[in-house]
Each structure stands twice: as C-alpha cells, then as structure tokens.
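What follows is a set of notes on a single structure, which appears directly below.
Values quoted throughout were computed directly from the atomic coordinates according to the rules given, and no laboratory measurement underlies them. Bear in mind that the values here come from a model prediction, so they are computed numbers and not experimental data. Virtual Cβ from ideal backbone geometry, glycine too; neighbours counted across all protein chains shown.
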Amino acid sequence: MKKIGVVLSGCGVRDGSEIHEAVLTLLAISQCGAQAICMAPNTDFPETDHLQMQETGAKRNVLVESARISRGDIRDIATVKAADLDAIIFPGGFGAAKNLCDFAIKGAAASVHPEVARVVKEMSQAKKPIGAICIAPVLIATVLGKDLKPTLTIGTDSDTAAELEKTGSIHRNCQVDDIVVDRENRIVSTPAYMLANTVSEVYEGIGKCVREVIALTN
C-alpha cells in the first residue's frame with residue numbers, strides 16, 4: 001500500500017489547514033487504496049476566531065490542532081523522513097502560508113519551518129511526488145524555486161502568482177477543477193479554494209491532484 005504524507009498546518013482556514021481541503025485529500029487518498037500519513041510541525045501560532053475572523057491574542061499548537069483533523073493519528077514532522085513515504089501532499093489554508101512558512105507576510109522573501117523544508121527537499125531529491133493545494137504551492141516555490149524552477153499554480157490571482165515567480169518558480173493559470181503537472185520535478189498543484197465557490201468544485205481538483213500524485217509514484 002502506498003504511503004502518502006499529508007502535511008497539516010493547524011485546523012481552520014484562517015490560521016491552519018483548510019478543513020474541507022484536508023479532509024477531501026484524505027478521502028481521495030483512501031479512495032485510491034493508499035494510506036495517508038498525517039504530520040505537522042510542533043510549533044505555536046496565533047489563534048483566529050473563525051466566527052469574527054479576527055485574531056484573539058491567544059496561541060495554539062500546530063501539531064495539537066492538526067490532530068483534530070487526523071483524529072489523533074498524526075506524527076511530528078521532525079520524526080518523518082522521505083524514506084517513510086511514497087509521496088507527500090500539502091493541503092491549503094492560511095496555515096500553509098503562515099505556520100509552515102511566512103509567505104503570507106514576507107512573500108518571496110519567506111522562510112520555511114526547518115523541518116518542513118527538510119522534508120520537501122528530501123522528497124524532491126528522492127524523486128518522490130509532491131502535491132500542493134490552494135495556497136500551498138507558494139511553500140513549495142519558496143523551498144525549491146531557486147534550484148529547480150518548478151511549474152506551479154495558485155489559480156488565477158495575478159498578484160500572488162507574481163510573488164511566487166520571484167522565487168524562480170513558474171506560474172501557470174489553472175481553473176478550479178484542473179491541475180498543473182510538472183513532470184520533470186514530479187509536482188502536482190491545484191487551486192481549490194483559491195478559486196472555488198463550492199466544496200464539490202474543490203473535490204474535482206483535489207481528486208485529480210491526488211490521483212496524479214499517486215500515479216507518479218509508479
């Protein structure tokens with residue numbers, strides 16, 4: 001059974017993983033007959049009240065909050081190596097651009113959580129597929145852009161695309177139900193809630209992304 005890493009960044013669109021995207025990724029992996037290995041960094045982040053959409057001043061822990069989505073079955077990403085996985089996928093949500101890296105604040109000058117960056121580089125060096133959903137491609141661009149110039153999509157947002165390209169990566173516009181595949185670098189991306197209006201639209205793209213990522217493991 002193929003083992004597909006799923007890197008979570010908390011629980012909630014404004015300060016962690018986008019829950020629909022994360023759950024649909026897990027569903028698609030299961031439907032493909034593969035096993036999801038959930039993981040997250042053990043680090044704190046500012047909490048956002050998802051009713052008021054404002055920061056509360058409190059902090060939460062990425063690993064603890066991500067465990068809500070994985071039903072407690074989750075690993076600290078510091079304990080995970082590329083050898084443990086056949087592929088890896090990053091759901092979106094602002095946590096991908098705030099907790100796993102700080103692209104949301106610094107754009108192309110962003111830094112990435114060291115353990116997250118390590119795993120991305122290990123997977124890339126091992127020629128193992130990487131999937132990135134919604135805003136998560138900016139993280140991949142930040143880690144790999146300078147050396148590999150990967151082709152990625154965040155949908156059609158020109159400002160975000162322009163910032164992504166400053167990393168050395170190449171952006172391709174993409175509709176919500178489609179994917180962009182960089183076969184040379186074995187990276188698959190899809191816009192999801194960067195464009196979607198409904199959860200069914202999100203699943204169209206995520207389903208294609210997951211299936212292509214798993215196909216690239218063969």
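For the chain, what proportion of DSSP beta bridges, expressed in % and rounded to the nearest 5, is antiparallel? Numbers along the way, then the final one.
Working: 9 of 28 bridges.
About 30 percent, rounded to the nearest 5.
Identify which of 42, 173, 197 has the largest mean-square fluctuation in a Gaussian network model of the chain, with springs joining Cα atoms closer than 10 Å.
In this elastic network of the chain, the residue with the biggest mean-square fluctuation among 42, 173, 197 is 197.
Whole Å is fine, so just give me how far the alpha carbon centre of the range 135-160 lies from that of the range 182-218.
The range 135-160 and the range 182-218 have Cα centres spaced 14 Å from each other.
Tell me, 113, 50 in order of fewest to most beta-carbon neighbours within 10 Å?
In order of increasing Cβ crowding within 10 Å: 50, 113.
To make sure I understand, if each residue's beta carbon is the centre and we count other beta carbons within 10 Å, what order do 63, 100, 51 fall in, fewest to most?
Lowest to highest Cβ neighbour count: 51, 63, 100.
Could you give the nm distance between label points at residue 175 and residue 200, where each point is 7 Å from its Cα heading toward the beta carbon?
So the two model labels end up 1.6 nm from each other.
Grab the beta carbon distance between residue 126 and residue 30, set R0 = 25 Å, and tell me the FRET efficiency rounded to 0.05.
0.55
With N residues in the range 3-215, what two-decimal value do you get for its Cα radius of gyration over 2.2 N^0.38 Å?
0.90
If you put +1 on each Lys and Arg Cβ and -1 on each Asp and Glu Cβ, how big is the dipole of the chain around its Cα centre, in Debye rounded to 20? Provide the component values of the computation, followed by the final result.
Values: 23 positive and 27 negative charges, 145 e Å.
Charge dipole, the chain, about its Cα centre: 700 debye, nearest 20.
Under 20 Å from the Cα of residue 106, which aspartates and glutamates turn up, not counting those fewer than eight places away in the same chain?
Partners found: 15, 44, 47, 55, 115, 147, 157, 159, 163, 165.
For the chain, what relative contact order do you get, as a whole percent, if you take Cα pairs closer than 8 Å and at least 6 residues apart?
Here the relative contact order equals 20 percent.
Please give the calculated 222 nm ellipticity per residue for the chain, where each DSSP H segment of at least 4 residues contributes -39500 (n - 2.57) and the sum is spread over every residue; nearest 500 deg cm²/dmol?
Roughly -10500 deg cm²/dmol at 222 nm, from the helical runs in the chain.
Check the straight Cα-Cα distances from residue 2 and name the lysines below 18 Å, setting aside those fewer than 8 residues away within the same chain.
Partners found: 81, 127, 128, 208.
Determine, for 134, 174, 32, the number of other Cβ atoms within 10 Å of each Cβ, and report the residues in order from fewest to most. Provide the component values of the computation, followed by the final result.
Details: 134 31, 174 20, 32 16.
Exposure proxy ranking, most exposed first: 32, 174, 134.
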